[in-house]
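Q: What follows is a structure written as structure tokens; I'll ask about it next.
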Amino acid sequence: MSAAAVRADAGSVPLLGGELLGESDLDGADRYGDWLLPLLAGALPAAGRTLVLGRYDDSLLTALAARGTQVDLVLRSRPDATAARVRLAAAGVRVRCGGLAHIPVETGYDAVLAADDPAILSGPDQPERPWPDTLAAIAALARPGAPVVVLVPNPFGLDRLVHGEVVGIGRGTVSRAERAGPDAGGAPDGLPAVPAALAAAGLSLHGLLAAYPGLVATAAALPPYDRAPATAARPEHHPADEVPARLVADAYAAGHPGPVLTDPGRLAYRAVRHGLGLALAPSWIAVATRADPTSGGTGTAPTAAADRPAAARPASDTAEPAVSGTGGAAVARPGSGTGEPSVAPPTADAAESVAGPTAGAGEPVTEERPVGAETAAIVLADGGRPEYWAVPRVVWRSGAGWRAQPLRPDTTVRLLDHLRRDPGRLAGAVPVGESLAGALAAACRHGDLVAVRGLVAGYLAFLGAGAKTGTWRAVWSDDEPGEGVLCPADRVLATCDAVLVGPTPDAAARATDALEAAPFAVPDAARRAVPGAGPVAVPDAAPTAVPDGAPTAVPGAAWTAVADAPAAAGNADRGAGDMEPPALRLADPSWSSGLAVPVRLVFLRGLQRFAYRLLASGAPHPWPAGLSADRLAGTLAATADVTVSPGELADAAGLAVYLTAPLAADEPATGADADSAFGASPASGVPVVAGGTGPGEHAEALRYAAGQPRWAADPALAAVPPRGYAEALAAIGALSAELADARAQLGWLDATVAERDRRLSELGTLRRSVTYRVGYLATLPYHLGIRLLRRELRRLRRP
Amino acid sequence: MNHQNHWYGHAHVLARYCGLAAPPRIWGYLQHGWNVHDGYGADDGPAPGVPRLVWSDGPRRRGMLAGRRGYRVIGAPFAYLLATPEPARRVPLSADHGRRRRTVPTAPGLPSTVDGARRGTAPASTVDGARRGTPPASTVDGARRPTVPASTVDGARRGTIYYPFHGWEAQAVFGDHRALAAEIAARAEPPVTICLYWLEFRHPQLRELYESFGFRVITHGPRGGHYQGTDPWFLNRQLAELRAHRWVAANRLCTAVLYGAAAGCRVGVYGDPMMIENEHPAYGGIARIRRLWPELHAPEVDPGYAAEVARQELGVRHVAPPAELADLLGWPPLRRPATRTESVA
């Protein structure tokens, strides 16, 4: 972009043409930040000029500029551009405002990054055009041979399955490609069509990344489930296989707070487990190179172009795409090209060569972190929280397990009010296991009370492992002091979603080669804690020996274990050999709270939240329909032999409100509007949340606390409508069945009452019988005498 | 909800397990005996929309397949009895004061019966011995008796307790008791206790028939009905009786055999299984039970296997903690000291 083409206005953003003068494109959603770079840094040059199109988190632009390139940011909205110019001036980012068609081409950029929705790159001054044309326009801005990173919409991604046909409604924009439809030359028809679509725009594809909200993964990180036969290094069905599915499901569910067709988290989880994590990603980020027209033209297949960048640009080694090796065929079956690289742990050499250029460019990279599209790696934004708390990190496969590393060099402990976050505890092996909430929901779905019992009792024991007696002040309710067993600091925030149920550390150690990270070890007390039950995976084992009255059951054991773990150790022999109790561990061990909270309240708060979400999800469960969340929480607590009082339930709801409330310094600029429906601050539109919680959690806690007193009085108010249409249908089915039963029961009761009436009337006929009358006459004097006596007594008693 | 919940004192066992003196009303139909159908009688199932509280997963599966709903697998009351701590399980002496007892509870192996029974099977001599030793066999109303048979004073298990298959008030059983008694005498480890159903116990001829073989004849008493005549300690007494014997045996696989296996007895199923009148085809008859558990139909059953089947059929793994049991039965939340001191409210 030459100086002549841009009107250099000192006080304002240079306008290129086709801009939006008054409207803003900011919608409060999280955008790609610097956490995206570990997967792209290899592809982007560390010098020259980089063109960035669309909306991003400032951290991404700052990081790009810090690498030594001249960054030009082009936004179509003038208010956005003006604000960005002020924010990014210090970083040296040049901000321009205008439509895609008005960006001057000239010699072309050394790199182009367009990972935002293609629909917002042009304003209404240009006619709408299909996605391929937009793509071609973006590609034309790069010089031949330069890397182009571009967002490829997936017309048949999870969004389509979760939202139905109307993709994007309520989430900002409806992309042009969607409206045009694939037949009209819109977005590519699935994964196999992507290379050809890019080739048509003059781009040769090197790698596709699966782009989920707040999470981007390489193809190798989401391999098909039915991968090659087990090898010694990669045993089949390793528990760590679950890690990418869980991370994607969490990220995807957090990105869909509104009404949906079906539960987004479960759908995403199943998709990844089935090896469809890449094919069904909501969109893809394509890492491509603009083909050089002088050496074969734009029509060349990616096969021809595949070898080129490796020789021309050493840096692109690391971004060698999983899908480009053998062209379209490999794209159709990502697993075939990517399955094996994930088997071999990255060698020291590879890690070093990868880390070299990126570290040199100012990225906070540690030498152990491997980067590149070929590596099974996932980057997490850790989004939805105020910047202060966020710890974006990269997660990569290491042997059979997964390891994580915070991206930013600053790993000092964050502290605010009672909350504390230690990013250092996120480095190392990623905890393995299914979330406790998921495991509990599955047990409820199958009506398996034994499994529910084991999980809930295990949860209680986990919360209380290592607990000490102490005093607290009930800041969450009436400020009264109390004394009892306090929850350890790192578990105060451990809701059912924040706890993982996995194999015991022993089992994990056998398979995972990287378990030296001490923070992930599970205390003994938690391991033995589950009496009478095992993980869901063990269906029908008989845990106890009956003869001669050995205590069979659970009663009380879990709770006594909380206060005094060694005392209950005698219980451990019960299940020995029969089944391995599940081990519980924290999904994110970095959070802790300095608040003194009794274990029971943390336990109840976890159960209340699970119960509320279970009912709201419309998932089947073995208890009567129309149950209130509080009632269900009480029932769940009873499975661990804990009887709760209404006062405790109210306190637990108050605790949830307190723990999820935004802290004073969380969002200093706008101030927290805690009472607004979705916890959003009206000024910025950015969700205001407390550390350690997702958006909307505070609002949920408030709704719960507000609804609680009414549930007790009127159970009809208790039902939470399901969010997903599929779940709503299931809930209707369950309610219909219960209604039919209730009607049948009315009929039965009616018949029973009629039968009783008939018997009563038989007594009436008895009074008319001759024998009765004879007897009555015989005893008449006594009757009369008693009657008279009574009358006299009444008269005497009267004043 | 249903007076059958009180049969055999089942509701009382569950109440004591929860630390309650008397059982509140149970919202649901408690399965009252081992059942190879859907947990309930084929003719009189529970009222619609009322929870079906069954012992094990088998009845639930069979019932669900037949389109029934509302199952809660809670485990058998006997499993709860085994899970109840010993002090709460002991039958209080006051429970025997002034009760009308129909049983003649001489202990197995008492000297009076020993000479006949131990020697084996000569009916003529044992008749004599039995008659000499036993108190008047008919009924000893209001008699105080040891709740635990004398043989267990030293803690040793002895002999065999045999449960001949019985009918009930509405269904009679046909079979040759003399042949059965002879087979028991030939096979069972002495001393032998015959436990008759209370209806059959009322027939002196039947009692005397078994006594003539030198057997000790008892009954656990009536199961109660319409909240009348319920013995709240029925199962406790049965457990004590079972624990006094080394073997439990019957001519059909039945609830008592499973109880015995769960109480640590060795198991035998032998003898003429007899016939019951008007058996409902839904149960599939004795042949079906033989097909399902062939290993259990032998004079000497593998103890490990028998205990495993008992655990399955009595739903031992489904035994819920007291608080949850109260919740499942629709009882008010338990008020326990531990809960109150921990409460912050």
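The values are calculated or read from the model by the stated rules, or taken from the named source; none is laboratory data. None of the values given here were measured: they were computed from a predicted structure. Cβ: placed from backbone, ideal geometry, glycine included. Neighbour counts: every protein chain shown. Protein only, heavy atoms only, side chains kept; ligands, DNA and RNA dropped before computing areas. Shrake-Rupley method; radii C 1.70, N 1.55, O 1.52, S 1.80 Å.
Q: Out of all the residues in segment A:396-420, which are in contact (Cβ under 8 Å) with a residue 40 or more places away in the chain and polar (S, T, N, Q)?
A: A:S398
Q: Among the numbered criteria (1) open to solvent by 30 Å² or more (accessible area, probe 1.4 Å); (2) within 14 Å of another protein chain (Cβ to nearest Cβ); (3) within 20 Å of B:G33 (Cβ to Cβ), which single criterion is violated by B:G304?
A: (3)
Q: Evaluate the following for A:A90: is it touching a Phe, Trp or Tyr at 6+ places or on another chain (Cβ under 7 Å) and either modelled with pLDDT under 90 or over 21 Å from A:A211 (Cα atoms) (or both)?
A: No; evaluated as a whole, the condition is false for this residue.
Q: Also, quick follow-up: For segment A:738-761, state whether one or more residues are over 30 Å from B:G45 (Cβ atoms), surrounded by 10 or more Cβ atoms within 10 Å (Cβ to Cβ) and outside the structural domain of A:G626 (by TED's automatic domain parsing).
A: Taking segment A:738-761 and keeping what is over 30 Å from B:G45 (Cβ atoms), we get none.
For segment A:738-761, residues over 30 Å from B:G45 (Cβ atoms), surrounded by 10 or more Cβ atoms within 10 Å (Cβ to Cβ) and outside the structural domain of A:G626 (by TED's automatic domain parsing): absent.
Q: Any residue at all in segment B:237-244 that's part of a helix (DSSP H, G or I), open to solvent by 20 Å² or more (accessible area, probe 1.4 Å) and of a type outside the set (V, I, T)?
A: Checking segment B:237-244: at least one residue is part of a helix (DSSP H, G or I), open to solvent by 20 Å² or more (accessible area, probe 1.4 Å) and of a type outside the set (V, I, T).
Residue-by-condition table, conditions (1) at pLDDT below 90; (2) at the interface with chain A (Cβ under 8 Å from one of its Cβ atoms):
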site	(1), (2)
B:L235	no, no
B:W247	no, no
B:G260	no, no
B:Y270	no, no
B:H280	yes, no
B:A298	no, no
B:H318	no, yes
B:A326	no, yes
B:L329	no, no
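Q: I've got another one for you. Taking segment B:172-200 only, how many residues are more than 19 Å from B:V248 (Cα to Cα) and either of a type in the set (D, E, K, R) or surrounded by 15 or more Cβ atoms within 10 Å (Cβ to Cβ) (or both)?
A: Adding up the residues that qualify gives 6.
Q: Restricting to segment B:256-294, what's the tally of residues that are farther than 22 Å from B:H220 by Cα, without any contact (Cβ under 8 Å) to a residue 60 or more places away in the chain and among the aliphatic types (A, V, I, L, M)?
A: Residues meeting the conditions: 2.
Q: Moving on. Could you run through segment B:331-342 and say how many residues are modelled with pLDDT under 85 and more than 7 Å from chain A (Cβ to nearest Cβ)?
A: 5
Q: Quick one: which helices (runs of 4 or more DSSP H) lie wholly within segment B:44-95 and hold at least 3 residues that are away from chain A (no Cβ under 11 Å)?
A: B:57-65
Q: Can you pull out the residues in segment A:110-139 that are under 19 Å from A:A199 (Cα atoms) and among the hydroxyl-bearing types (S, T, Y)?
A: Residue satisfying the conditions is A:T134 alone.
Q: Same structure again: Out of the residues in segment A:622-653 that are acidic (D, E) and within 9 Å of chain B (Cβ to nearest Cβ), which is nearest to A:L455 (Cα to Cα)? Spell out the reasoning first.
A: So the first thing to find is which residues in segment A:622-653 are acidic (D, E), and the list is A:630, A:641, A:648, A:651.
Okay, now just the ones that are also within 9 Å of chain B (Cβ to nearest Cβ), so A:641, A:648, A:651.
Details: A:D641: 13, A:E648: 21, A:D651: 23 Å.
Per the stated criteria, the residue is A:D641.
Q: Checking the structure you have, find out if any residue of segment A:755-776 is at pLDDT 85 or above, within 14 Å of another protein chain (Cβ to nearest Cβ) and either touching an Asp or Glu at 6+ places or on another chain (Cβ under 9 Å) or under 28 Å from B:R69 (Cβ atoms) (or both).
A: Yes - at least one qualifying residue is present in segment A:755-776.
Q: Continuing with this model, one more query. Could you tell me which of the residues A:G28, A:G68 is at pLDDT below 85, on the phi > 0 side of the Ramachandran plot and in the same structural domain as A:D80 (by TED's automatic domain parsing)?
A: A:G28
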